[in-house]
Amino acid sequence: MNDLKYEIAEHTARLVVEDGMEYGPAKRRAVKQLGLTGRCPLPGNDEIEDAVAAYIALYCAESQAVELLALRRLALLWMDRLAAFRPHLGGSVWYGTATRLSDIYLQLFCDDSKSAEIALIDQRQRYVPRTLKGFHGKSVECLSVHAFCPELHEEVGVHLLIYDRDDIRGALKPDAKGRTPRGDADAVRHILKVLHD
């Protein structure tokens, strides 16, 4: 990574950790705050993720570990609540770079795209329907809720991305670093047991 991309990655990482921004908007803001043009070479998400991990290790390793544990526990609670839809946890909570400002992203693999929405209504959960960019960069339906996290004493955004049941086959292919990009409830339980016991 060249010096300019490295500087953008570092600045982006600070925005992600301290302001809870997503990678794309944080990169754009970093470019603007650094006084650069939109044509400069941007770091990839893998490079941003490495910069976020380095920033956390340097400035907030102890607090981040506690916050990550709380977010993973909340994610597992929602995964158990929505078990019928084969939930998988992804994003920074899965990879371990989440802080208290991070949202939780769960991918649901449904036989019927409306079934998860009906389940939320049955559970008397308030939600906002929206469209987000899912894996492979395609737009997907999303149901966003605010869930209170007792361990953090605040509400956390939980985003339920709705996929067809058959999409699960392509969802588990390793990412560019060879890692599983998301995990089911058993995988999250395993992480909690191994890392946080």
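The values are calculated or read from the model by the stated rules, or taken from the named source; none is laboratory data. Because the structure is predicted, anything quoted here is derived from the model rather than measured. Positions of Cβ are generated from backbone atoms using ideal geometry, with glycine treated the same way; all protein chains shown enter the neighbour counts.
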Original post:
In segment 54-113, which residue that is more than 22 Å from Gly170 (Cα to Cα) and charged (D, E, K, R) is surrounded by the fewest Cβ atoms within 10 Å (Cβ to Cβ)?
Top reply: Glu62
**OP:** Specify which of the listed residues (Leu34, Leu15, Leu69, Leu42) is in contact with a helix residue (DSSP H, G or I) (Cβ under 7 Å, 6 or more places away or on another chain) and in the same structural domain as Leu192 (by TED's automatic domain parsing).
**Re:** Leu69
Subject >> Within segment 120-143, tally of residues that are in a strand (DSSP E or B) and in contact with a Phe, Trp or Tyr (Cβ under 6 Å, 6 or more places away or on another chain) >> reply: 1
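Conditions tested, residue by residue: (1) in a loop (DSSP other than H, G, I, E, B); (2) modelled with pLDDT of 95 or more; (3) under 24 Å from Glu49 (Cα atoms); (4) touching a Pro at 6+ places or on another chain (Cβ under 8 Å).
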{"residue": "Arg100", "(1), (2), (3), (4)": "yes, no, yes, no"}
{"residue": "Phe148", "(1), (2), (3), (4)": "no, yes, no, no"}
{"residue": "Gly170", "(1), (2), (3), (4)": "no, no, yes, no"}
{"residue": "Pro174", "(1), (2), (3), (4)": "yes, no, yes, yes"}
Original post:
Looking at (1) touching a Leu at 6+ places or on another chain (Cβ under 8 Å); (2) more than 27 Å from Leu69 (Cβ to Cβ), which is the only condition Asp167 fails?
Top reply: (1)
**OP:** May I ask you to verify whether Val93 is part of a strand (DSSP E or B) and either touching a residue at least 12 places away in the same chain (Cβ under 8 Å) or closer than 27 Å to Glu62 by Cβ (or both)?
**Re:** no
